[in-house]
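J.: This structure is in structure tokens; I'll ask about it shortly.
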Amino acid sequence: MAPVKAVLESAAPLIPARPTLVSLRAAAADCKACDLWKRGTQTVFGEGARRAAALFIGEQPGNEEDLTGRPFVGPAGRLLDRALEEAGIERSRTYVTNVVKHFKWEPRGKRRIHAKPDALEIMACRPWLEAELAVVRPQVVVCLGATAAQALLGKKFRVTQDRGKVFASELAPRVLATVHPSSILRAPDDETRRVEMQRFIDDLRKVAQAMAAAR
Ligand code: SF4
């Protein structure tokens with residue numbers, strides 16, 4: 001009888017003994033701890049300053065991120081860049097990553113449509129995020145959207161109710177959640193988009209204050 005291939009349910013065994021961002025990125029490139037590696041083009045690991053004061057966590061890479069291998073470079077990433085600038089946060093003091101490092105998508109005609117990662121995929125990928133947090137040791141963690149907020153702050157966390165509030169956590173001295181920038185892009189009209197962008201910038205100003213308080 002052919003040997004049964006062991007199925008990894010967590011990326012934990014792949015974390016290097018003395019992780020650095022470089023060694024983590026290299027190890028994550030070969031991760032097959034959940035089935036998402038079959039669908040995505042490549043692992044999209046986090047990126048940014050090694051000792052970033054603020055670490056931003058989204059849900060998963062999107063179409064452009066999947067193709068380039070870099071996080072937050074698509075339309076939502078460009079919106080995040082604009083909002084960070086408006087809020088007075090230097091990109092050089094940040095690190096951006098995702099709860100899940102492969103793009104999960106469903107075909108719709110010729111397009112690849114975002115599909116939400118499930119609890120098992122999030123759990124399988126979590127060791128990469130924990131390792132990034134352990135290496136970067138940010139003063140402020142910012143969850144972008146419900147998937148990141150609920151993965152890190154608990155299933156009962158509601159971004160709509162608690163966005164912009166600063167919490168103490170074992171993740172970092174200060175943790176906040178706000179919307180994912182892609183939700184602003186999906187606003188039904190220009191006026192809603194303008195209002196939501198302003199609210200997002202207001203939340204990021206609180207991040208800027210938390211970063212300043214941590215200096
Ligand atoms: S999504 Fe995460 S756990 Fe799953 S294969 Fe990709 S890197 Fe590994």
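The values are calculated or read from the model by the stated rules, or taken from the named source; none is laboratory data. Since we're looking at a predicted model, the values are computed, not measured. Quick reminder, even Gly has a Cβ in these numbers, built from the backbone with ideal geometry, and neighbours come from all protein chains shown. Side chains are part of the model used for accessible areas, which takes the heavy atoms of the whole protein and leaves out ligands, DNA and RNA. Shrake-Rupley method; radii C 1.70, N 1.55, O 1.52, S 1.80 Å.
J.: What number comes out for accessible area per residue over the chain if the probe is 1.4 Å? Units Å², please.
T.: Here the per-residue accessible area is 54 Å².
J.: To continue, here is another question. On a 0 to 90° scale, report how tilted helix 190-214 is relative to the longest principal axis of the chain, with both axes built from alpha carbons and the result rounded to the nearest 10.
T.: Between the helix axis and the principal axis of the chain, the angle is about 80 degrees.
J.: Given a cut-off of 19 Å, name the pairs among K38/K104; K101/K206; K38/K155 whose C-alpha atoms lie farther apart than that in the structure shown.
T.: Table pairs above 19 Å Cα-Cα are K101/K206; K38/K155.
J.: Where does helix 75-87 land angle-wise versus the long Cα axis of the chain, in degrees 0 to 90, nearest 10?
T.: Taking Cα atoms only, the helix is inclined about 40 degrees.
J.: Something else about it: Tell me the carbon and sulfur percent of the accessible area for the chain, rounded to whole percent, probe radius 1.4 Å. Please report the intermediate quantities before stating the final value.
T.: Values: 6200 of 11520 Å².
Percent of accessible area from carbon and sulfur atoms in the chain: 54.
J.: Let me ask something else. Summing -39500 (n - 2.57) over the DSSP H runs of n ≥ 4 in the chain and dividing by its residue number, what mean residue ellipticity at 222 nm do you reach, to the nearest 500 deg cm²/dmol?
T.: The helix-only estimate for the chain comes to -12000 deg cm²/dmol at 222 nm.
J.: Along the charge dipole of the chain, pointing to its positive end and built from +1/-1 on Cβ of Lys, Arg, Asp and Glu, which listed residue (H102, A27, G74) has its Cα farthest out?
T.: A27
J.: Suppose every K and R has +1 on its Cβ and every D and E has -1 on its Cβ; what is the size of the dipole of the chain about the Cα centre, in Debye to the nearest 20?
T.: For the chain, the charge dipole is close to 160 debye.
J.: Taking springs between alpha-carbon atoms closer than 10 angstrom, which of D35, D203, D190 fluctuates most in the Gaussian network model of the chain?
T.: D190
J.: If you don't mind, there's one more thing I want to ask. Leaving ligands, DNA and RNA out of it, work out the accessible area of M123 with a 1.4 Å probe and give it in Å² to the nearest 10.
T.: 110 Å²
J.: Next up: I'd like the antiparallel share, as a percent to the nearest 5, of DSSP beta bridges with both residues in the stretch 16-121. Numbers along the way, then the final one.
T.: Working: 6 of 11 bridges.
Percent antiparallel among DSSP bridges in the stretch 16-121 is about 55.
J.: Rounded to the nearest 5, what % of the DSSP beta bridges within the chain are antiparallel ones?
T.: 35 percent
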